[in-house]
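Below is one structure, written out as structure tokens; the observations come after it.
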Amino acid sequence: MNAKCARNKTCLCLMKMSSKMLMRLLTVMVVASLVPAIQARARRYSRMQPNALSKTRCDLMCFDRDKETKGTCRSQCRNQEHKPGTCPVSDTPKWEAACVQACNSDSQCDGTQRCCHHGCGSTCSEPLDLLTLPGLPAVPTMEEPKEKRRAVVLRWSDGVGDTARAVPGRVLYLLEEQHHLGPKYEQSRLGDWNLMLRTNRTKVSPRNLLKPGRWYRFRVAAISASGTRGFSDPSPPFTPRRGPRPPPMPKKLRVRPMRMDNGTMTVRLEWKEPRSDLPVMRYKVFWSRRVRGLGGELDSVLVNHQTVSKDQNHIEIKDLQPNSMYFLQVQTISQFGLGKLRSDKASVFYNTTGSVGNDSVPESLVRRDRYIKGLKLNKIVWNNQRLKARISWESVPSGNSGGRSQERYYVHWKTIKCNKTDKPMKDLAATTAQSTFELYELDYHCSYKVNVNRSWKNKIPESELVITIPRCQYFKRKVNVTAITCDS
């Protein structure tokens, strides 16, 4: 019985020892897991530049120095900074056990925090007695922002009557803002605090610093050469009355030819991001081919469009036909809440004339009007293996016929070039009493120069038009009959 009891006592002791070892092991594991975070924190503070509060305090300390020594004074102040306040006693033994130095001096700690040493390590901590220390400016109290004549009016108290009482020397105020974009205020979406301005007044009316469509909060800190108690509580949220405007259209559109692929052209359309009240969400690009209608005007056919990311200010547009005019447009799109705001479309024309192509749509590439006005190509007609081009021009009053139209026009057309060298070079002429005419004896994939004059004797043509007849395969697709036979 005694032996059994002894064995139980031994087991109980072993269990107690195992529990203690387990707790120690868990503590070590927790500390080890915290080391990377502590080291990252230490690296962040070691890289930090002097913050605005410390910089302002050093500027005030060196305010009366001459130009030669002021720079040295500021540098020494920032490197040897000693912030006011008493460090707290560490209540987190796990930080001490980690033995990580998150800082070496007060200058490496943000805001009013001090570099507090505990055990073999150090961390940045808020002082215990910062709000009760004498000789420091009081923490200001922000009033509600008000808008007046498209400027926001910001006021705060200067701490008169506060426990800090009178503060010797100059006092400067740092004003900061934080904001988020959107029609409704949401505190969780507010960004980081940003420095707005530094002043010795307790009222400011900044203009053109606040953007429409954003919710703002403000805070202010009072700084003297002795230090600061930190920033005030944030002001109530504020948004400008004027809402955001639609974004401007993209700037400086430019088209660059890139390459030819199988008879079609690829171009690169570029633009510059516009300045806007709202951030750009994306761009929308449109392009369309322009052809001449029956009335001679340029009409767009088959408008294409594509969405482009906000981070991209260019797009490659493929499969453009040669010898054609294209109309390209870019639109800026921004988002405000659930709605989208669109800009006007920036536009540019681009002519692919001069590139090598096979299936160009028939249209006038060059037109020179002199005395005969409005010479244009209306239509190319295929009928029973024959090609004709219907042209027209404006009627010309006759000088000797009492206001009547010109009685006769002289039409001349000749071959400029053909894709196949075995095609004959033609030079034809005809007369007509109408202001329309059908050119005949035309060949596939050839270009012709057409002149319409009022007399055979004209040495300088009174009008000129260059037309290009597409290749045979173009008509075979359009007419869709088996009667058309094309040479390979």
Does segment 252-275 contain at least one residue that is surrounded by fewer than 12 Cβ atoms within 10 Å (Cβ to Cβ), hydrophobic (A, V, I, L, M, F, W, C) and either at pLDDT 90 or above or in a loop (DSSP other than H, G, I, E, B) (or both)? no
Helices (runs of 4 or more DSSP H) (entirely within segment 51-132) containing at least 1 residues that are at pLDDT 85 or above and in the same structural domain as LEU197 (by the TED database): 52-61, 67-79
Considering only segment 155-172, I want to know if a residue exists there that is within 30 Å of GLN335 (Cα to Cα), out of contact with any helix residue (DSSP H, G or I) (no Cβ under 9 Å at 6 or more places or on another chain) and part of a strand (DSSP E or B). no
I'm trying to understand the selection: among the residues of segment 183-216, which are over 26 Å from the mean Cα position of the chain (by Cα) and in a strand (DSSP E or B)? LEU197, ARG198, THR199, LYS203, VAL204
I'd like to verify a number: residues in segment 328-340 that are in contact with a Lys or Arg (Cβ under 8 Å, 6 or more places away or on another chain) and at pLDDT below 90, how many? 1
So which pairs qualify, if the first residue must be in segment 105-119 and under 17 Å from VAL89 (Cα atoms), the second must be part of a helix (DSSP H, G or I) and open to solvent by 20 Å² or more (accessible area, probe 1.4 Å), the Cβ gap must be under 7 Å, and the two must be at least 6 apart or on different chains? CYS115/GLN108; HIS118/GLU96; GLY119/GLU96
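The values are calculated or read from the model by the stated rules, or taken from the named source; none is laboratory data. As the structure is a computational prediction, the values presented were derived from the model and not from experiment. For neighbour counting, all protein chains shown are included, and Cβ atoms are generated from backbone atoms with ideal geometry for every residue, glycine included. Note: accessible area is taken over every heavy atom of the protein model, side chains too, but ligands, DNA and RNA are not part of it. Shrake-Rupley method; radii C 1.70, N 1.55, O 1.52, S 1.80 Å.
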